[in-house]
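Peer 1: Below you'll find the structure I mean.
The values are calculated or read from the model by the stated rules, or taken from the named source; none is laboratory data. This structure is a prediction, so every number in the text was calculated from the model and none was measured. So basically every Cβ, Gly included, is an ideal-geometry build from the backbone, and we count neighbours across all protein chains shown. Calculation scope for accessible area: heavy atoms of the full protein, side chains included, ligands and nucleic acids excluded. Shrake-Rupley method; radii C 1.70, N 1.55, O 1.52, S 1.80 Å.
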Amino acid sequence: MMRILSIHLKNIKSHRDTELTFAPGINVLSGPNGAGKSTVFEAIGYALFGVDAQKFVGNVERFVSIGSKKGEIAVTFQTAGNECFRVRRSVGPASRWLLEKENNSHFEVEEHKDAGETELRLKKLLGLDNGRPLAEQFELVIGPFQNEFLGPFVIKQATKRRDEFDAILGIDAWRKTFTATNSLAKAVRNRIEILQAEIEGRKEQVAQLPEKLEEMKNTQAELHNAANSLHDKEKDLKKIETVLVGMDNLEKAITALQKEIAALEAQEKAADQNIALRQQQVAEARKAVDIVEKTRPGKIAYEKAENRLTELRSREKQRREVENKIATLNSQVAALQAQGNSEEKSLVEAGSELTTEEKRLDAEKKSLLADADSLELAARLPEIKKQLSFLRDKRGQREGFRRGLQEGKEKLAEGLCPFFQEPCLNIADNKPEDVFFVRLTDLDNELRRLDADIGRLSKEEVQAEETATKTREIRVKISELERQKKALESRRRKIDEHQAKLAQIRTRHQEAMTLLDKEQEVLKGFADIEKDIAAAEKEKGRHRETRDNFYAHHKLAVELGGREDAFREILSQQETIRLALNEKRGNLEGCRQEYQAEKHAEERKRKETLLGLVASLRQRVSGLDLDKKRLEREIERLQQVGKEIETRNAQVHSWEDKEKLVKFLRNRVFKNVSTSLSERFREEISVRADRIYRSIAEADEELYWGENYRIVLRDMTDGEIRERTDDQLSGGQIMSAVVALRLAMLQTIGARIAFFDEPTSNLDVTRRENLARAFRAIDVGREEVTEHWYDQLFLISHDVAFSEVTDQILTLE
């Protein structure tokens, strides 16, 4: 069921902080003018349907309570799928429109990128996803404002009234399309004329094509001749360049050899200087080797003393660890000894106390059990009470019987029958006192026996009750003694647990003593450690200088082999440089004999001349090639223009076909669809509205929504059908018809909730009561009115007629 659950208004007009809860079915808002009834409807339209606040007030600031800068509305609603949502929308600066979904009794905000996405989500939840804006559906159909309730129904101009209702029913698009497609038809005609003008302009350009083709032919012939001449000159230039390459190579080789010879001479001089340095370095390294060999025994002795000292330091550390461990064990032994003694003393005291308590409880229980012999008398108490009751009842019966006999005796003594009050014939020959004497005597004897038995049993009853009371006290005491005994057993078990704990402590104490003895034996092995460390320190100091001298020359001694190799390498390099220098000098002499400087200069001049000719020819060929490409582009462009003319001709034909289609749609379709849809909607709504109207008016009149949405009432007068239009109807008839039509329209568009602001204005008492019953009939789905189509109906009314049919009346102060 789709319904609004509640609304909360904060600083909205007259509502500072108002919260209303709505029921399913019909909800009536009542109260004095100015209480804010219409504001509740406006708030629902603003928050739930997205209506602009300026629709209610000219200035948005007037929608907020006086003195406040910002207001907020929260509407909680339930969808047809029984999901609960809350929509919140603020009024004022930086207003927000938020949709929240209930999750485990909490509302979580859904993420929407903008207000448009929020509106789409709400349309789906409300079942109003029909392509029209939510605000428009609320304003036109679901919740029209009070001053617009009659609105389009009373517009006198038929065309304007038709346009208003076409918009309300959502079928104005066809008529608007007919009007809008007029400009489309003009645009199509304009497009055809533009294309035809473009075709004429391009035909003038295509006329230049033959002239451009002739110019292209001449340019290609001239380019061919220039290219052949360029090819011959480039061939001659290539031959000269081949000769010059050899001469240039010789010139470069001479220059390169001169540079290489100068570099080798410099290397030879540097090698001579490096050889002396390397000889000195080799001598220094050989001296260092001698010193290292002499100091090696001292260095070995130093390292041996140092290793010995490291080993002794490690043993010294071990001794300190053993000493620490012994100290810890001594502490543990002392603590365990003290804990064991304390625990043992506590156990002895607790055991003695427990034994004494157990003896006391046994003695008390034994003394209580000695009185148990009286339990038999207490057990007979119910039987005694039963016998005593029986005897007392029996005595009462006998006492009554005796009083009856005594009274009969007194009556008969006068010779009268106690029943008939006349002389008794049964005792004519006997004296009355003889008749009752025996019986009274027997009864007296029986009463005395019963009194004796009752007295005896009464004494036994008192003794039994005293015994029972005493027995109950004994049982309570015995139960308490048993409870104390169990507590002592629990204490006994705890003592046993402490005995086990004491045994563990003794075991741990013995283990700690054993471990302490072992560690003290280990400590004896470190007795001479300080003496050994001092001896090792002395031995290390005696060889320190020798060790330092060894390491001071060790690196230089190690480098001896490398320095000798480097010395031999420099000698080899010196020999290589000398051989290379002799070879380069021989090559230089050979190149100088082969190279001819004058011929080289002459060939260079010939090359420069040919380069000038080739450059000139290349420039000419390039220019002619550019002219050729320009002409190709122009010819291609003109050919493209020709194709464009063909394309535009085809477009003209296509647009002419579209023009025919637009004319057909405008004249044959768009003109007629709105009228057909309007007629179908009016017929469907008229059927529903007529049933509602008849229920409201209780008149034999037919409501019909006529052409251009005119209200028509039909009835029979003098055997003929009479039709009256809206300008011939009373205010009550018009209001009844408008209410019926609006209800029918709501059902047609599928709205599940609706709002009516003072729908009974202009209605007489009977019509107001009939309207209220009609609303209730729709709510329960009475077939003679219309099927049930709404889940909630909201009314603003002061009319008491609605108090009998509404599901809830909300009174605003």
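Peer 1: Per DSSP helix of 4 or more residues, -39500 (n - 2.57); summed, then divided by the residues of the chain. What does that give at 222 nm, rounded to the nearest 500?
Peer 2: Working: 16 runs with 560 residues, N = 813.
One gets -25000 deg cm²/dmol as the mean residue ellipticity at 222 nm.
Peer 1: Quick one: dipole size for the chain, taken about the Cα centre, charges +1 on Lys/Arg Cβ and -1 on Asp/Glu Cβ, in debye to the nearest 20.
Peer 2: So the dipole magnitude of the chain works out to roughly 2720 debye.
Peer 1: I need the peptides 339-351, 726-738 ranked by packing, meaning the mean over residues of other C-beta atoms within 10 angstrom, with the highest value on top.
Peer 2: Values: 339-351: 13.7, 726-738: 18.8.
Result, highest mean Cβ count within 10 Å first: 726-738, 339-351.
Peer 1: Could you work out the percent of alpha carbon pairs in the chain separated by over 53 Å, rounded to a whole number?
Peer 2: Values: 236953 of 330078 pairs.
The proportion of pairs with Cα distances above 53 Å equals 72 percent.
Peer 1: Two decimals is fine: what is log10 I(q)/I(0) at q = 0.19 Å⁻¹ for region 174-280, from a Debye sum with one equal scatterer on every Cα and no solvent?
Peer 2: Each listed q corresponds, in turn, to -1.05.
Peer 1: Further question on the same structure: Quick one: with all protein chains in place, what share of the accessible area of the chain is carbon or sulfur, to the nearest percent (1.4 Å probe)? Could you put the intermediate results ahead of the total?
Peer 2: Working: 23780 of 48490 Å².
That share works out to 49 percent.
Peer 1: Hey, could you grab the Kirkwood Rh for region 87-143? Inverse mean 1/r over distinct alpha carbon pairs, Å, one decimal.
Peer 2: Numbers: mean 1/r = 0.0788 Å⁻¹.
One decimal place: 12.7 Å for the Kirkwood radius.
Peer 1: If you take every residue apart from residue 245 with its C-beta less than 13 Å away from the C-beta of residue 245, what net charge results, scoring Lys and Arg +1 and Asp and Glu -1?
Peer 2: Details: positive: 238, 239, 252, 604, 607; negative: 241, 248, 251, 603.
Result for the local shell: +1.
Peer 1: Of 180, 516, 716, which is farthest along the charge dipole of the chain in the positive direction, counting Lys and Arg as +1 and Asp and Glu as -1 at C-beta?
Peer 2: 516
Peer 1: Let me ask another. Grab the other residues whose beta carbon is less than 13 angstrom from that of residue 512, score K and R as +1, D and E as -1, and report the net. Before the final figure, lay out the partial values.
Peer 2: On the way: positive: 325, 506, 508, 518; negative: 511, 517, 519.
With Lys, Arg at +1 and Asp, Glu at -1, the net is +1.
Peer 1: Under 13 Å from the Cβ of residue 287, count the other residues' Cβ atoms, weight Lys and Arg +1, Asp and Glu -1, and hand me the total. Each step should come with its number before you reach the end.
Peer 2: Numbers: positive: 286, 294, 563; negative: 284, 290, 293, 559.
Here the count lands on -1.
Peer 1: If you average 1/r over every pair of different alpha-carbon atoms in region 235-349 and take one over that average, what Kirkwood value in Å do you get?
Peer 2: Value: 25.0 Å, from the Cα pair sum.
Peer 1: Still on this structure, I have one more. Got a sec? Charge dipole of region 502-649, +1 on Cβ for Lys and Arg, -1 for Asp and Glu; which of 557, 597, 576 is way out at the positive end?
Peer 2: 597
Peer 1: Can you pull out the GluC sites (Glu not before Pro) in region 44-92 whose DSSP state is coil and whose Cβ has at most 12 other Cβ atoms within 10 Å? Please list the in-between numbers first.
Peer 2: Values: sites: 61, 72, 83; in loops: 83.
Those that pass, being in a loop and sparsely packed, are 83.
Peer 1: Still on this structure, I have one more. Taking only complete DSSP H runs, can you tell me which helices of the chain stretch 18 Å or more along their own long axis by Cα positions and average at least 0.0 on the Kyte-Doolittle scale?
Peer 2: On the way: long enough: 172-206 (51 Å, -0.69); 209-369 (156 Å, -0.85); 381-412 (46 Å, -1.40); 432-524 (136 Å, -1.04); 529-542 (20 Å, -1.16); 544-558 (21 Å, -1.16); 560-594 (52 Å, -0.99); 597-664 (97 Å, -1.11); 671-697 (38 Å, -0.66); 731-749 (27 Å, 1.27); 765-780 (23 Å, -0.27).
Helices meeting the span and hydropathy rule in the chain are 731-749.
Peer 1: Something else now. Share of antiparallel DSSP beta bridges in the chain, in percent to the nearest 5? Walk me through the numbers on the way to the answer.
Peer 2: Numbers: 42 of 56 bridges.
Rounded to the nearest five, the antiparallel share is 75 percent.
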